[in-house]
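Written below as structure tokens is the structure these notes are about.
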Amino acid sequence: PAPAAGVDGIAVGDRVAWNNKPGTVLFVGSVKFAAGEWIGLELDSEDGFHNGSVLGEEYFTCGARKGVFAQASQLSPAGPAPDAKAVAGTKEQAQEEREKVPAGEEGAGCPIL
């Protein structure tokens, strides 16, 4: 459970970056595997090491390979989480653009093998 004040001003729900990888803070507090106060976060990408459990102890829950623990000094502020709908829209728009080929130019410039 996270202390209300957090560690060095970092609290659950904050957006931070660890090694230039953005994520969301899901845990702030002490852990069994190391001394001191630790921040557990879920990275936006699968560049982490666990799912929120370490050595059989669950500290928070997140996707596989998205969890990391860090000291406050290793973190920097990050922007908001990517909007899944916006990202999906961007991918759909890109696909639509690729599919727009002028009539009669399908395969133009591509050798026939």
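The values are calculated or read from the model by the stated rules, or taken from the named source; none is laboratory data. The model shown is predicted, which means the values in this text are computed figures rather than measured ones. A quick note on method: Cβ atoms are made from the backbone with ideal geometry, for glycine too, and the neighbour counts reach across all protein chains shown. Side chains are part of the model used for accessible areas, which takes the heavy atoms of the whole protein and leaves out ligands, DNA and RNA. Shrake-Rupley method; radii C 1.70, N 1.55, O 1.52, S 1.80 Å.
Whenever a residue of the range 26-44 is more than 16 Å from residue 71 (Cβ to Cβ), its partners that are hydroxyl-bearing (Ser, Thr, Tyr), lying with C-beta atoms within less than 6 angstrom and at least six residues away or across chains, give the pairs 42/24. Of all residues in the range 68-86, at least one satisfies being touching a His at 6+ places or on another chain (Cβ under 9 Å), open to solvent by less than 90 Å² (accessible area, probe 1.4 Å) and at pLDDT 55 or above.
For the subset of the range 14-52 comprising residues that are polar (S, T, N, Q) and in a strand (DSSP E or B), which member is least open to solvent (accessible area, probe 1.4 Å)? Steps first, answer last, please.
Just the residues of the range 14-52 that are polar (S, T, N, Q), to begin with: 19-20, 24, 30, 45, 51.
Filter once more, so that each one left must be in a strand (DSSP E or B): 24, 30.
Values: 24: 35, 30: 78 Å².
Across the range 14-52, the extreme among qualifying residues is 24.
Pairing residues of the range 65-78 that are part of a loop (DSSP other than H, G, I, E, B) with residues that are of a type in the set (A, V, I, L, M), at Cβ distances under 6 Å and at least 6 apart in sequence or on separate chains, gives 66/43; 78/16; 78/17.
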